[in-house]
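A short worksheet on the structure shown next.
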Amino acid sequence: MSELNLDDELVQDYLAECREHLATIENDLLAIEQGGADIDEQLVNRVFRAAHSIKGGAGFFDLSKIRELAHRTENALDLVRSRQMVPTPEAVSILLLAFDKLRELIGNHRASNAADIGEFVVALTALAAGSLPEHEKSSLSEQVTVQVPEANKGIQVSAFDLSQARKGGKRVYLIEYDLIHDIERRNKTPWEVFKRLIKCGTILETVFDLDSAGTLDDEPSNRLMLEVLYATVLEPDLLEGLVEVPPERMRLIEKDGNIRSLAAPVPVPAAEPPAPAKPQVEATPVTQAKPVIATPALEDAPKTVNAMPVPANEATIRLNVTLLDSLMTLAGELVLSRNQLNESLARQDDRGIRSGAQRVSLVTSELQEVVTQTRMQPVGGLFSKFPRLVRDLARDLGKDAQLKLEGGEVEIDKTILEGLSDPLTHMVRNSVDHGIEPPAERVAAGKPALGTVTLKASHQAGQVVIEISDDGKGLAAEKIAASSVSKGLVTREQVQSMSDREKMALVFLPGVSTAEKVSAVSGRGVGMDVVKTNLDRLGGKIEIDSAPGQGSRFRIKLPLTLAIIPSLLVSDGGQRFAIPQVSVGELIRIPAAQLAQRTDRVGDAQILNVRDRLVPMLYLADALGVPRPDSSLRALNVVLVDTGAFEYGLVVEELHDTVEIVVKPLGRHMKGLHDYAGATILGDGRVAAILDVAGLAARANLTAGTAETASRHAAAETNSSGELHSLLVFHNAPNETCAVPIEQVSRIERVRPAQVQHLGGRRTMQYCGSSLPLVALHDTAAVGELSEEQQWVVIVFERLGRPLGLLAAEPLDMLEAELNIDAVTLRQKGIGGSAVLKDRTILLLDIFELADAARPEGAPSELRNLASAVASGDHALTVLVADDSEFFRGQIQRLVESVGCKVLTAEDGEAAWELLDHHAGEVDLLATDIEMPRLDGLALTQRIRADGRFAGLQVIALSSLAGEEEIARGLAAGVNEYQIKLNKDELTDSIRKAARRKVSDPAYATT
Amino acid sequence: MSETLTTQAGQTVLLATFFVRDALCALDAAGIQEVIRLGPVTSVSYAPEEVLGIVNLRGKIVTIVDLGLRLGFPKAVAGPDSRIFIIEDSNEFIGLLVDRVDEVVELEAGQWQPPPANVNWGQARFFQGVCRNRGRVITLLDAGQILKLRNEE
């Protein structure tokens, strides 16, 4: 055809249109199949028309094989349309395969004429033959020649086509176009003319009359004739308006084969029935908002069909003219703004510059938006290929499956859409192959035999979310884990600490497969890793959610566009980084004061409590292997990020704005680094790396398992028998962590080593206008000394109404924790016991023992008198100490013994009661903890108060946390006094009173 | 061997000479896009040791390589004379940090000699040859070799 000098653009135009048709044909055919014998005429018509338009163009461009194949499909469809053939699944399969072949041919149109389409032609002919009445069958192969007058040639056309064309009251015309005068000179293209014709009828055949061009030896004829055999319901006078050629070149071919020129008046053939009112004119396919829903055709369900444009081929993109117009307008505005800016700059007009800059920024963002829009395409185009996939796959695998599509109108960047095709195909395939069970299995599980795969697109917070879900058997987390372990991709230990969700995420590792059998479709362990890689490249995140027996759901989060992504800017150690918004969940600022409350430490891992979810924390500086900025005693900025498999808190030094950044790739030296997703240039021209939160987590060996383990450990700590204590944690020597119950602390002062005065072998410092005696832990206990490099603090206690300072060092921490206190291992003078907290061993100080040991003369003489008094003779007091914590029981016991009392101890209320019961008259005072297993302090008190034997027994409730409410409850239960645990002064005071009472009335306890 | 050396004797090549620490080195001037000053560099954690970081060169991200470090010298100390030679290779811009730019000299290809046998410290692979020019010894570097990643060597 090159001699006709057909514009290549024209061919491209035709091919693009063919692709669009083919994209819709598939779904339409599937819908036709579901409709069965009850055909939706409009639907069939549409497919027919599509096939026809492919044929028409192919004829025009001399793509003979495409034309032939399209023609055969058209025939078959025509039979369906005229209800001569029922669209059985077999018939539809043949049609689908034929259209597949067509697509292939169109994909490589240059070679198409050499392609072998024999088997498709045979199948389609057989299909048509099978549904034709006997006498018409022969027409399939019979050729009729329509003689073109004034030209010594005829047009070959099959008798079948001719007779089909005449059905429904159509007329067949022979139209002669002069390509030069009728088309070229009128600034039209042949393809436009063709499309016009196709809208109102059927082109049976086109033939170029090359002879009309003459030979070089002839006089230039200046004519290039194209003969078109056209069937339409239009009457001759209406046809003239459509084809726009002089009437002498339009001829009506009558049934008997006579050819009559329309130049002469044409009598309406009486034999022809009136044309039925068929909707012949149809709008060109436009995207319909409603996507196809491939449900088994309910009788009254509207048969909506979508005609979504297929993602056009690589080089070109179809653009709405209004979009182009707005681009032009914006470009114009940009020029104006630039001029304004230049002018203002020349005049040094500050206000003008400002407003100019503002305008430029406004226009730029609008321009960006519009340009982005030009790249946007509805995902429906991509979705539309899946119903076929599901159908074919289900048939192959002997399963019943349907595909539901939602949100086909959601638009996404062309590049992303193209990149999404393979991963989505793979995942939809997986859903049918692995997810949906065979019908029998489904029925046995109480599910409908028909499995459903849903493909859904939606907008969420500036991102596109695509969900692939099925109601199949779900992912077997354990199986995936086992498979991964057996392939040596992860260790058994790693798997043990993984959550189900993370085990499922193992399918993204190369070589993992869940299919028990390798099928033609899947199970070979390649694929999901490729899916992940592809999605990563698109800046997408994938999440898996699955419940065994109920199905699984894959969620893919994608940026709207690749080139420009909204990102959060953060900085650490003086460098800025961008975190793609797609990964950012929320921003959390933890004031230093709440740090202890909101974060915890499990082993090496620091975890953050976010609305009762425990998420692992990762310092960006640690992940990047740079020194952490000094942020002690400062608020923490945490970016809650999501890797897809789990979320974690990324601790950064500073949070900045959210900006739109242009993603640029990193150089080859950084190719292997998964910590970064690229780089970008910021407003000030500097470069910032774009962080890949999943890569960072991997770098820091952070997995969902860590988070799980962390929360499990935290839970275990909570469940341990320990009681909630508020502790002030501080350091002694740099590696020695100490703590005291916070109740004992009156205040904390920062102090410089130089402020400590050494007078008379004692340490003091100036404090509130007087001398504060100071003690240090190493005075009494065998521990390290404070070094001058540390930041010193003085923890001030109240000791018999007088302040006493303990020298300690920062960092200070305040925490509430349930402690299991070991009162044996590290017990020494001044140290009451130890506990393990967040992997550190903490020494619990006995501040009074320290004070008394360091300054023996400080022990109040009154107390010593009391001790000697109560110890002498029969008046010795007996105190029962009930506490489930060995440390506190020991502490209280020593404290009580130090004033000369006899002590009985019990580890819980029940044991205390047994002792009391046993030594009914002997116990003078009960000091009991509140929270205890078996029988708590209050219940114990109530039991005591209910027993007349113990009317005179003093009950002191000891608690580390005493709220007003608790105190009220204690008093209501019959407690005499409510004291803060380990407040030695209060307790000895009570003992003293009890002793006085006993001395004055020795019989009171026994009455 | 390299293209520069296989150039026919008698043909001349333009070489940009510069100092890496105190060694006078040269690169084929044709391969050098431009020479820029060292501006603010964004460092990249976990990048290979010789990568100083990345910079913005008119909208392109350029990886800056400490040429001296690559050649086996100690880490560069950026000074006022530090310059970056921008080289394009496989559609990517890479900047080589040198300590001081010297001049552009025109030399005949035939004047080159292979690197002396006593060149050690794994540097020889970066050297295409040496030559004397106005009493100074110039070492011609092989840009391709320098830009190779360690795992490609």
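Counting 0.36 nm for each residue step from A:Arg949 to A:Met328 and taking away their Cα separation leaves a gain of 213.5 nm.
Based on the alpha-carbon gyration tensor of segment A:378-559 and its eigenvalue square roots a ≥ b ≥ c, which shape applies: rounded if a/c is under 1.5, prolate if not and a/b is larger than b/c, or oblate? The shape class here is oblate.
Take each residue of peptide B:54-67, count the partner chain Cβ atoms within 10 Å of its Cβ, and average: the result is 4. Remark on A:Val775: its backbone amide H falls under 5 Å from those of A:Gly805, A:Leu806, A:Leu807, a criterion applied only to residues 5 or more positions apart or on other chains, H modelled at 1.01 Å from N. In this label model, A:Gln757 and A:Val122 are separated by 11.5 nm, measuring between points 7 Å along each Cα→Cβ vector.
Taken residue by residue and averaged, Cβ atoms of other chains lying within 10 Å of the Cβ of A:660-670 number 6. Computed from phi, the 3J(HN,Hα) profile of segment A:13-24 under the Karplus parametrisation 6.51, -1.76, 1.60 (θ = phi - 60°) reads 4, 4, 5, 4, 5, 4, 4, 4, 4, 4, 4, 8 Hz, with x in place of Gly and Pro.
For A:Ser567, the amide hydrogen comes within under 5 Å of the amide hydrogens of A:Gln581, A:Val659, A:Glu660, A:Ile661, counting only partners 5 or more places away or on other chains and with H modelled in the peptide plane. Does chain B classify as rounded, prolate or oblate by the C-alpha gyration tensor (a ≥ b ≥ c root eigenvalues; a/c under 1.5 gives rounded; else a/b over b/c gives prolate, otherwise oblate)? Since a/c reaches 1.5 and a/b is larger than b/c, the shape of chain B is classed as prolate. A:Ser93 to A:Ser361: FRET efficiency via 1/(1 + (r/R0)^6), r the Cβ-Cβ distance, R0 35 Å, to the nearest 0.05? Efficiency computed from Cβ-Cβ geometry: 0.05.
Quick check on packing: order A:89-97, A:158-166 by the mean number of other C-beta atoms within 10 Å, highest mean leading. The partial results should precede the final answer.
Working: A:89-97: 18.1, A:158-166: 19.8.
Taking the mean over residues of other Cβ atoms within 10 Å, the ranking is A:158-166, A:89-97.
On the basis of the beta-carbon distance and an R0 of 22 Å, A:Thr415 and A:Thr658 show a calculated FRET efficiency of 0.45. Under a Gaussian network description of chain B, with springs only between Cα atoms under 10 Å, the residue in B:Gly79, B:Gly95, B:Gly53 that fluctuates furthest is B:Gly79.
The modelled label-to-label distance for the pair A:Gln42/A:Glu886, using points 7 Å beyond Cα in the direction of Cβ, is 8.3 nm.
For the segment B:37-45, counting C-beta atoms of other chains within 10 Å of every residue's C-beta and taking the mean gives 6.
Mind jotting down a quarter of the surface of the convex hull over the alpha carbons of segment A:564-714, in square nanometres, one decimal? The directionally averaged projection comes out at 8.9 nm². Step through the table entries A:Lys101/A:Lys188; A:Lys532/A:Lys557; A:Lys404/A:Lys479; A:Lys101/A:Lys199; A:Lys55/A:Lys414, compare each Cα-Cα distance with 23 Å, and write down the pairs that go over it. A:Lys101/A:Lys188; A:Lys404/A:Lys479; A:Lys101/A:Lys199; A:Lys55/A:Lys414, as the Cα separations exceed 23 Å there.
Would you mind getting me the FRET efficiency between A:Leu450 and A:Arg589? Use the beta-carbon distance for r and R0 = 45 Å, nearest 0.05. Don't skip to the end; give the middle numbers.
Working: r = 51 Å, r/R0 = 1.13.
So, using R0 = 45 Å, E works out to roughly 0.30.
Between the amide H of A:Lys981 and those of A:Ser959, A:Ser960, distances stay under 5 Å, these residues lying 5 or more places away or on another chain, with hydrogens modeled in the peptide plane. Put simply, when A:588-594, A:370-376 are sorted by average Cβ atoms within 10 angstrom per residue, most first, you get A:370-376, A:588-594.
Counting every Cα pair in segment A:917-996, what percent are over 20 Å apart?
Numbers: 931 of 3160 pairs.
The answer is 29 percent, as a whole percent.
Here the Karplus curve 6.51 cos²θ - 1.76 cosθ + 1.60, taken at θ = phi - 60°, turns the phi angles of segment B:130-146 into couplings of 10, 7, 9, 9, 6, x, 10, 9, 10, 9, 8, 8, 9, 4, x, 5, 5 Hz, with x standing for Gly and Pro.
Measure off 7 Å from each Cα along the Cα-to-Cβ vector at A:Arg260 and B:Asp81, then give the distance between these two points in nanometres to one decimal. Placing both labels 7 Å beyond Cα along the Cβ direction yields 10.3 nm.
FYI, it's all coordinate maths here, none of it is from the lab. For clarity, every value in this text was computed on a predicted model and none was experimentally measured. Cβ atoms come from the backbone with ideal geometry, glycine included; neighbour counts cover every protein chain shown.
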